[in-house]
Structures are given as C-alpha cells and as structure tokens.
Amino acid sequence: METINIICVDDQQEVLDSVMRDLRPLTPLIRLEEASGVEDCLNLMEQIDSDGDFVGIVISDQVMPEANGTELLAKVAADRRFAKTRKVLLTGQATHADTINAINDGHIDNYIEKPWQQEKLLAIVKKLLTLYILDSGIDHKEYMSVLDQPTLFAKLR
Amino acid sequence: MSVLLPLPEHVLEPLERLNRVYFSDAGRTVDFAAGEVIVDQGEECHRLYLVLEGALVAYRQAESVPGTEMPVEVATRKHEVFRAGPGSYVCVQAFFSRAFRSSNEIVALEDTRLAYVDDTTEAVDAEQYGSFEHQFIPVLIHELAARNMRIFTNAAAKEEAQRLLHRSEMAATLGQLSAGIAHELNNAVGVITRRTEFVAEHLEKFLAEDNKYNSQLFRYGYDDTSFTAASELRAIARKWERELNMPQPAAKVLAHIIPDTKTLVKFGPDFVKHVRNNYSFWELGHDMRDLQVAAKHATGIVRAVKLLGGGNSTRQEGVDVRESVNDAMNLLTNKLKHITVETELAPCPLLTADLTELVQIWTNIIKNALDAMQHANTPAPTMRIATSSFQAEGLDLLPTEYVRVSISNNGPAIPEEIHEKIFHPNFTTKKLGLDFGLGLGLSIVRRLVDSYNGTIELSSNETETTFTINLPTTQIHGNN
C-alpha cells in the first residue's frame with residue numbers, strides 16, 4: 001500500500017508537537033511528518049517524492065525565521081509533482097497582505113487560526129484528505145476510517 | 001531668552017559707533033528697579049532704548065478688535081514675547097514706525113539701566129554717515145534678525161515640548177494598561193508554574209512505584225534538552241522505525257533518547273521493547289516540560305510588561321552610571337564570557353536615577369547584541385562599552401549636561417528601514433522555540449530612556465552597530 005504523508009511545519013517545536021498529537025488519530029493509516037521550517041519541509045517533500053510516496057496535506061505556520069508559510073505553500077502550489085497536495089495555513093499572526101498572498105499564490109485550501117481546537121482541525125484535515133485521495137485516484141476503501149463521510153458521499157454520488 | 005546673534009563684523013562696527021555716538025550721554029539714561037514697568041502695552045513711547053545693564057522682559061496680551069468681545073481669560077492672559085539683556089534695543093518698532101506706541105508691556109527683570117534716543121534726536125555727522133534713519137539701519141537689521149531667530153526658537157521649542165508631551169502621554173497609557181495586565185496574569189501564571197512542578201514530581205513518584213522503566217521514560221521526557229535539528233532527528237527516527245520495526249511515534253521517542261546504534265546496545269533490548277509499547281510516558285514527561293517552559297515564558301512576559309509600564313521607579317541623586325554598566329555586565333557574565341568585551345568607562349557627572357532601571361537599559365541592549373552576534377555567527381564577536389559626558393548647546397528647553405553610554409558590537413547590521421521599528425513593542429527578529437524574543441526589550445529601553453528625557457541614537461553598518469544613550473544630568477524644567 002502507498003504511504004500518504006501529512007506534513008506539519010512550524011519553527012516552534014512545542015507547537016509542532018501539539019499539532020502532531022492532535023492529528024495522531026489518523027495514524028497509522030496516514031504518516032505524520034514534521035518540519036521545522038520552509039527549507040526543511042521542501043527537503044522532506046523531495047525525499048518523500050523520491051521514495052515514491054505521497055504528500056497529501058501540508059499544514060504550515062505563517063511566521064517563521066527564514067521564509068514564511070505563504071512562500072512555502074506558493075512553492076508547493078507551483079510544483080507539478082504536488083499539484084494535488086492540499087495546503088493549510090495554521091497561524092495566529094498572518095497580516096491582511098499575508099492572507100491575500102496565501103489565497104492568490106499559495107492557493108490554500110483552508111486557513112486555521114491559532115489557538116485551534118483538535119476536533120475542528122481533525123475535521124478539516126479529514127475533509128482535505130478525502131478530497132486528496134479521490135483526486136489522486138487512490139483506492140479510498142483502504143482509508144475509510146480517516147475519511148470524511150459526507151465529503152466522500154458527495155463526491156462519489 | 002536673550003537672543004543676540006553672532007553678527008558679522010561689518011554690521012557690528014556701525015552698531016558700536018551708534019552706541020558710542022547716540023547712547024553714551026549720561027543725561028539720557030534711565031534706571032529701573034527689578035519688577036518696575038518700563039512701558040505698558042499701548043502706552044505712548046517716543047524713545048528707542050538700548051539696554052546698558054540688567055535684563056528685561058516683554059509681555060503682550062491679545063488686543064480685542066473694537067466692537068467685539070473676548071473671553072476674559074483670553075483677554076487677560078499675558079504671553080512672554082522676548083527677553084533682552086545688555087546690547088539689545090527695545091521699542092524699535094514703535095520708534096521707527098513713528099507710531100510711538102509700544103506693542104508690548106516691558107518690565108525690568110533685574111535692576112536695569114537703559115540709554116535712549118528720542119524723536120527729537122538729531123543725526124550726528126550726517127554728511128559722512130547719512131540721515132538718522134540711514135544710520136540706524138544696522139539696528140533695524142539687528143532687530144529683524146533677532147525677531148526671526150526668536151520665532152524659530154519658539155516654534156522649535158514648542159514642537160519639542162509637544163513631542164515630549166505626546167510621548168509621555170502614550171507612556172502613561174501604556175503604563176496603566178500593562179500594570180493591569182501584569183497584575184491579572186501574574187496570579188494565573190503563578191498557579192500554572194507551581195502546580196506543574198508539583199504534578200510532575202508526584203507523577204514521577206507514582207510511576208516509580210509501579211514500573212521503573214515508566215518513571216525513567218517520564219524523566220527522559222521531562223529532562224529532554226536535545227537540540228538535535230529536526231531533519232537529523234527525523235533521520236534517526238526513520239532508522240529505528242526500519243531497523244527495529246517500530247511504530248513511528250515510538251521510534252521518534254527512541255530517537256530523542258538514543259541517537260545511535262552504540263547507545264542502543266548500551267540501553268539493551270528490554271528498554272527498547274519497553275519504549276515500543278510505553279513511549280507515551282516519555283511524551284507525558286515532555287508535555288510537563290513544555291508546560292513548564294511555557295509558564296516560564298509567560299512569567300518572563302509578565303515581568304517585561306511590568307517593566308514596560310514602569311511605575312515602581314525610585315530615583316535617587318548621586319548615581320554613577322558606571323556602576324550600572326558594571327552591574328549589567330555582571331548579570332550577563334555567563335553570556336559575555338564567550339565574546340571579547342572592551343570597556344572604556346570614563347568618569348561621568350552623577351545622575352538622578354534608579355539604578356535598576358539603568359541596569360535594565362544596558363542589559364536589554366547588550367542581550368540583543370549578543371543574540372544578534374550569536375545568530376549571525378559573527379567571527380571574533382566583540383562588544384565595546386564606553387561612558388562619557390558632554391555639554392549640549394541647543395534649544396533653551398533642553399537640559400545642557402548629558403552622560404553618554406555607547407554600546408557597540410561587530411555583529412550584523414540593522415537594516416535602515418527598521419531603525420525606528422525595533423523600538424516598537426511587539427517587534428522582534430528572534431523567533432526560535434519558546435525562548436523567542438518578546439519584542440519588548442528595546443521598547444522598554446525606549447520607555448525608560450524617555451522617562452529620563454534622554455535620547456537614543458542608533459548607527460549601524462556592516463562592521464559596527466552602536467546604540468548611544470544620552471541621559472541629562474538635570475531634569476527638564478520647561479520654558480523658563
């Protein structure tokens with residue numbers, strides 16, 4: 001079976017740990033990976049791609065030292081290998097301009113504000129995961145327990 | 001506010017002649033005692049005065065336009081127009097306009113002696129020097145220049161006063177707000193800090209009674225200080241995941257405790273097996289650690305916000321600025337030992353100040369410099385701290401004696417466009433882990449320096465960045 005990865009990006013390890021913990025119900029069907037910054041995330045995606053695995057979702061913080069989340073998501077959006085990858089901005093500090101860029105250049109699928117609630121985060125991620133799996137033509141039956149049922153039925157109808 | 005311009009020689013010479021020829025007749029001098037009115041506003045005055053000794057002040061109050069009324073308060077308020085000392089001419093406008101009516105009320109500030117000419121005075125040596133009016137042109141120019149200067153000085157002083165007022169109003173608002181926040185947060189954060197410690201301690205005890213490995217795992221998580229890069233940690237976790245056929249979260253925990261195969265052998269298979277099934281005890285310990293780090297961080301914010309608000313300052317006379325600089329360096333000994341520190345602490349006039357506030361100013365600037373140099377991996381990091389003092393000649397409104405402290409480093413340049421921004425609250429370039437900058441350091445510096453009516457200068461280029469703080473030895477006393 002193929003491996004679908006969800007990558008969380010944040011420069012604050014403590015925040016990263018919390019996101020990862022909140023998404024743990026998706027494991028072991030989905031693989032959770034963490035990256036400490038834009039560069040780290042891009043390297044990781046390169047590695048996942050060369051292993052022949054998938055990047056289902058990238059969840060990124062906005063304000064990070066070397067480059068911000070919007071720049072990362074724009075790079076991901078521009079890379080044809082990750083055309084179907086869903087993108088989420090998870091932030092407490094995005095400015096108005098950041099948000100505009102995130103939508104126009106990063107083509108983000110969702111914007112989650114910090115502090116977040118686990119339930120909401122999980123619901124959004126499941127929805128996006130469902131869309132990713134259906135778009136990529138991956139057999140969704142293997143993943144039933146981590147998919148969003150209404151999204152699934154709406155798409156399959 | 002006596003305004004005497006350094007006039008050029010070719011203007012001064014004729015003035016000297018005029019003073020000698022027209023204003024040295026002992027019969028045409030008058031004396032006024034301090035407080036005496038020389039002439040009232042609107043009073044008839046046919047004399048042009050030269051101040052020989054003493055000092056005088058001119059006031060003016062608003063004149064009502066005939067047929068209109070003015071609020072009493074406005075109509076009776078007197079404004080100072082100028083002050084004059086020896087060498088100044090008075091009633092110039094009334095005399096040369098031939099209105100012969102004084103536009104100001106002029107009062108002697110000290111015992112004053114004036115010499116005068118009046119409208120009956122004849123021109124002396126008219127063949128050589130021209131008519132009376134012609135001879136007095138230098139006086140008019142002198143007066144015009146003086147008035148110009150007066151207007152400029154007044155406007156500049158007013159602007160400066162307004163700026164200071166605005167700043168101090170902002171500081172007061174910020175102070176009230178931050179004192180309130182600090183007070184409210186202090187208790188909440190205190191509870192979190194102490195209870196976390198308590199819970200962690202007892203949890204470990206309970207775990208130890210049950211299973212030695214579990215309490216050990218908890219302790220590893222609680223004490224975890226690994227600064228391994230995320231990518232490296234990921235690689236180790238992946239290695240354990242594959243080699244030991246471990247689930248991903250367990251492998252990640254193991255990567256935190258065991259970095260390589262050699263260490264793995266040392267820990268033995270029993271421990272590894274235990275981690276596989278009980279890694280969450282490590283996570284529990286790590287959670288407690290995060291709670292504590294976060295609480296500590298919050299405590300730091302509360303302390304910084306309190307400082308930002310100020311209020312508890314006790315300023316005393318006779319504070320040596322060098323003592324505060326030494327205190328700051330002692331506080332930062334641990335951090336300073338990794339760099340070269342050059343000091344040049346020249347003796348300075350004593351300040352009226354709160355020692356702890358001064359120490360706070362230097363510590364914040366030094367800490368920032370250290371962080372910047374560390375972050376940029378500056379080769380041969382060096383700081384230079386110097387104290388000196390100087391006299392400032394400038395607007396009458398400002399104090400004249402200053403103590404200067406300059407703190408330089410050879411770290412990265414601060415971009416020109418953020419020179420002003422770095423003093424704003426919530427501006428930070430540091431954002432790494434929970435230990436990131438609060439963005440309050442330099443705004444505290446700004447507030448403290450402002451509260452002493454001091455100034456901060458920042459110059460920065462590729463080779464050197466210098467913060468220069470100037471603190472007046474005397475406090476501001478306003479206009480006169």
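The values are calculated or read from the model by the stated rules, or taken from the named source; none is laboratory data. Treat the numbers as computed from the prediction; the structure is a model and nothing was measured. Here Cβ is always computed from backbone atoms with ideal geometry, including for glycine, and neighbour counts include all displayed protein chains.
Hey, does the range B:261-275 have a residue that's in contact with a Lys or Arg (Cβ under 9 Å, 6 or more places away or on another chain), modelled with pLDDT of 90 or more and not β-branched (Val, Ile, Thr)? Break it down into steps so the answer makes sense when it comes.
Here is the first cut: in the range B:261-275, the residues in contact with a Lys or Arg (Cβ under 9 Å, 6 or more places away or on another chain) are B:261.
After this cut, where a residue has to be modelled with pLDDT of 90 or more as well, the list is B:261.
Then drop every residue that is not not β-branched (Val, Ile, Thr), which leaves none.
No: the range B:261-275 contains no residue that is in contact with a Lys or Arg (Cβ under 9 Å, 6 or more places away or on another chain), modelled with pLDDT of 90 or more and not β-branched (Val, Ile, Thr).
Tell me yes or no: at least one residue of the range A:92-99 is surrounded by 15 or more Cβ atoms within 10 Å (Cβ to Cβ) and within 15 Å of the chain's Cα centre (by Cα). No, every residue in the range A:92-99 fails to be surrounded by 15 or more Cβ atoms within 10 Å (Cβ to Cβ) and within 15 Å of the chain's Cα centre (by Cα). For the range B:242-283, a tally of residues being in a helix (DSSP H, G or I), among the aliphatic types (A, V, I, L, M) and buried (at least 19 other Cβ atoms within 10 Å of the Cβ) returns 8. Here B:Arg83, B:Arg47, B:Arg28, B:Arg98 are screened, and the one residue that is modelled with pLDDT under 90 and under 18 Å from B:Gln135 (Cβ atoms) is B:Arg98. Evaluation of B:Thr314 against the conditions (1) buried (at least 20 other Cβ atoms within 10 Å of the Cβ); (2) away from chain A (no Cβ under 13 Å); (3) free of Cβ contacts under 8 Å to residues at least 60 places away in the same chain; (4) β-branched (Val, Ile, Thr) shows that the sole unmet condition is (1).
Among the candidates A:Leu72, A:Leu16, A:Leu90, which residue alone is hydrophobic (A, V, I, L, M, F, W, C), facing chain B (nearest Cβ under 10 Å) and not in a loop (DSSP other than H, G, I, E, B)?
Answer to the selection: A:Leu16.
Looking at the range B:180-232, which of its residues are within 14 Å of chain A (Cβ to nearest Cβ), in a helix (DSSP H, G or I) and either exposed (fewer than 15 other Cβ atoms within 10 Å of the Cβ) or among the aliphatic types (A, V, I, L, M) (or both)? Scanning the range B:180-232 gives B:Ala230, B:Glu232.
Residue-level analysis places B:Ala108 among those that are of a type in the set (Gly, Ala, Ser), under 47 Å from the mean Cα position of the chain (by Cα) and at pLDDT 90 or above. Listed conditions (1) in contact (Cβ under 8 Å) with a residue 40 or more places away in the chain; (2) under 48 Å from the mean Cα position of the chain (by Cα); (3) over 17 Å from A:Leu16 (Cα atoms) are all met by B:Glu201, apart from (1).
If you take the residues in the range A:19-34 that are touching a strand residue (DSSP E or B) at 6+ places or on another chain (Cβ under 6 Å) and more than 10 Å from every other protein chain (Cβ to nearest Cβ), which one is nearest to A:Leu72 (Cα to Cα)? If you could, list the steps in order and put the result at the bottom.
Step one: list which residues in the range A:19-34 are touching a strand residue (DSSP E or B) at 6+ places or on another chain (Cβ under 6 Å), which gives A:19-20, A:23, A:30-34.
Going one step further and asking which of them are more than 10 Å from every other protein chain (Cβ to nearest Cβ), we end up with A:19, A:23, A:30.
Details: A:Val19: 18, A:Leu23: 21, A:Ile30: 22 Å.
Within the range A:19-34, the match that is nearest to A:Leu72 (Cα to Cα) is A:Val19.
Just one of the numbered conditions (1) on the phi > 0 side of the Ramachandran plot; (2) in contact with a Phe, Trp or Tyr (Cβ under 7 Å, 6 or more places away or on another chain) is not true of A:Gly56: (1). Under the condition of being within 14 Å of chain B (Cβ to nearest Cβ) and aliphatic (A, V, I, L, M), the residues counted in the range A:35-67 number 9. The requirement of being within 38 Å of the chain's Cα centre (by Cα) and either without any contact (Cβ under 8 Å) to a residue 12 or more places away in the chain or outside any helix (DSSP H, G or I) (or both) is fulfilled somewhere in the range B:138-145, by at least one residue.
Across the range B:156-179, the qualifying residues are those that are under 19 Å from B:Tyr452 (Cα atoms) and of a type in the set (Ser, Thr, Tyr), and the one among them that is surrounded by the most Cβ atoms within 10 Å (Cβ to Cβ) is B:Ser168.
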